[in-house]
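First up is the structure itself, then whatever we jot down about it.
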Amino acid sequence: MYLPTPNRRRIALAMGLMGGLVAAGAADAQAPRRNLNNGADVTLALTNPSSPGRPAPKGAAPPNPDMHDLQGHWWTSEFKPLLGPALGVPAKLKPKYMAILEARIRNKNKGIPEADASTQCWPHGTPRVMESPYPIEIVETPGMITILMETQHNVRRIYMNVPHTKGLGESFLGESVGHWEGDTLVVDAIGMNTRTFIDDEGTSHSNKQHVIERIRKIEGGAKLQIVNTIDDPETLDEPFSYSTTYHWRPDVRDQEYICEENNRNTVVDGITTAK
Amino acid sequence: MKPSIAFAAAAAASLIVASAASAQDPAHPNIAGVWTLTAPVAAARTIDGKVPPLLPAARAVYEKHLAQAKAGDRSFDGVSDCLPLGMPYIQLIDKPIQILQKPHTIYFLYQENRLPRRAYIDQQHPDDLDTSYLGDSVAKWEGDTLVVDTTTMNDLTVLDASGLPHSDQLHVVERFRLVGGQLENRITITDLKTYSAPWTTVARYRKLPADYHMLEEVCRAQSLQAAPTGK
């Protein structure tokens, strides 16, 4: 129906990566494959991590060294389909939830992935939304830090120096409150509904999930690092932590990302094809 | 960390950290905050209350939309597919709009399916853009008035809830200013393939309390976050 503009190709690729739809792609088959828990069961093959974001091109504005000014555009250099205490290592899930994860991975490897937030144009939940392989923009205003995500036009608001709202209604992204500890922005998120997975492979969480992010600039502001700690007394035997870094990308100009339009079409090798 | 501990730490930290980064835009009137229409806009009308000057073919389309809406068919406005409403329709619906104000950009963050729109201050429209639902917005301050110029919209949307049509020639200029505590938006529509002359309509917004938190709306999940109970 519509010509695949560069914008739409970017969308299609994002959906493929975030939805695990390219898991069985030809390029992927040549790369070393890990299985869940590094076992021999190939039906538990994990999708490979990728590196979507690049550093800013030469001539772009230099990074801002002010540690308390996180503003501007950032693009993650890491895309991790499985989030756990180390790359390719799953969270210490309670047996019931490990069985659910295994079932989702097996279904993905059969080419029938379980429908998740990506394919339904829902927000990806916190913290998965921060794993988006497309750019984000941070804006600081009095009392609030806002993160605008190109992916699925998500907006995350971090309310500064306030407690969590009483009687908070559940949502996909939950509620985030933050404060500075030295040069680190510490963000505490609760209130996420159970309609999302923690990651692309399908790690479950409950509505008791509690996420703490420690966000700081590194390398003089050339990169942003987020160290996440996830606790969930319902699904996890113990909390786990992982980190994600983002490149400073002052050259990025925001694009309109309309999942609701795009997902009328199919995705083949990252290119949109009209049904 | 328990939230209560985090809060105690936050309170301590806030005493020693004054963030210059969060300053918004001291040189101009403060239009930041969460705003909502003073009254729903069933149909955009000119300042003197008239139907906009539709060309004959466009009038026929509009009359078709009016008839469809009367029959309960809103397929003309994209809402049933969760598509963006376009401009200026998204500014004319009865849902909160959060404005973030920085010297370089004004951010319009809509409750409507969480859509954002950025207006880049003192910039030109790029000349190589694809069309999009909300178009490309650039802005400048003229005294106390923020003038936002939007182009490059696709022709898949309508202008308002009543189904006023437009073409891909649509050009929207909004003039925002504070009037007696309300935010006034004088919207001028130029689309000579659809209307015989430019025309202007006015929307007014009231400010929600400073502690109002935007609620998460997800059209495809048919969900709107419940307002907090305060308990």
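The values are calculated or read from the model by the stated rules, or taken from the named source; none is laboratory data. Note that this is a predicted model, so its numbers are computed, not measured. Neighbour counts run over all protein chains shown; Cβ positions are idealised from the backbone, glycine included. Each accessible area value is taken on the protein alone, full model and side chains, heavy atoms only, with ligands, DNA and RNA left out. Shrake-Rupley method; radii C 1.70, N 1.55, O 1.52, S 1.80 Å.
Measure off, as a whole percent, the carbon and sulfur share of the 1.4 Å-probe accessible area of the range A:221-262, all protein chains present.
43 percent
Give, ordered by residue number, each residue of the range A:69-85 whose 1.4 Å probe accessible area is reduced by a minimum of 20 Å² on adding the remaining protein chains to the chain alone.
With the partner chains in place, the range A:69-85 has these residues losing at least 20 Å²: A:Gln71.
How would B:Cys219, B:Cys82 line up by accessible area, probe 1.4 Å, largest first?
So, going from the largest accessible area down, we get B:Cys219, B:Cys82.
How big, on average over all directions, is the shadow cast by the Cα convex hull of the range B:109-231, in nm²?
Directional mean of the projected Cα hull area for the range B:109-231 stands at 10.2 nm².
Taking the Cα centre of each part, how many Å lie between the range A:65-131 and the range B:104-178?
Cα centroid of the range A:65-131 versus Cα centroid of the range B:104-178: 34 Å apart.
How long is the range B:29-222 along each principal axis, judged by its Cα atoms, biggest number first, in Å?
The Cα atoms of the range B:29-222 stretch 43, 36, 36 Å along the principal axes, largest first.
Go through the range A:175-184 residue by residue and turn each phi into a ³J(HN,Hα) via Karplus (6.51, -1.76, 1.60, θ = phi - 60°); whole Hz please, and just put x for glycine and proline.
Each residue of the range A:175-184 in turn: 10, 10, 10, x, 7, 8, 10, x, 9, 10 Hz.
If you count only protein heavy atoms with a 1.4 Å probe, what accessible area per residue comes out for the protein assembly as shown, rounded to a whole Å²?
42 Å²
Roughly how much accessible area, to the nearest 100 Å², goes out of reach of solvent when A and B pair up, both sides summed, probe 1.4 Å?
Chains A and B together bury roughly 4400 Å² of accessible area.
Count, for each residue of B:219-231, the Cβ atoms from other chains sitting within 10 Å of its Cβ, then give me the mean as a whole number.
5
Give the accessible area for B:Asp130 in Å² (nearest 10); use a 1.4 Å probe, count only protein heavy atoms, and leave out ligands, DNA and RNA.
Its heavy atoms expose roughly 70 Å² to the probe.
Taking all pairs of different Cα atoms in the range A:72-164, averaging 1/r and flipping that mean, what Kirkwood radius in angstroms comes out?
One decimal place: 15.5 Å for the Kirkwood radius.
Please report the projected area of the protein assembly as shown's Cα convex hull averaged over all directions, in nm².
In nm², the orientation-averaged hull projection of the protein assembly as shown is 25.0.
Shielding by partners for B:194-202, please: the mean number of other protein chain Cβ atoms within 10 Å of each residue's Cβ.
0
Leaving out ligands, DNA and RNA, and with a 1.4 Å probe, what % of the accessible surface on chain B is carbon or sulfur?
55 percent
Quick one: check the C-alpha center-to-center distance for the range A:145-205 versus the range B:217-231, whole angstrom.
First find each Cα centre; the distance between them is then 15 Å.
Only bridges with both residues in the protein assembly as shown count here: give the DSSP antiparallel percent, nearest 5.
Restricted to the protein assembly as shown, the bridges split so that about 95 percent are antiparallel.
For the range B:71-179, build the convex hull from the C-alpha positions and give me its volume per residue in Å³.
Convex hull of Cα atoms, per residue: 113 Å³.
Considering every residue in A:134-143, what mean count of other chain Cβ atoms within 10 Å of its Cβ is obtained?
5
Roughly speaking, what % of Cα-Cα pairs in the range B:18-57 are separated by over 15 Å, rounded to a whole number?
69 percent
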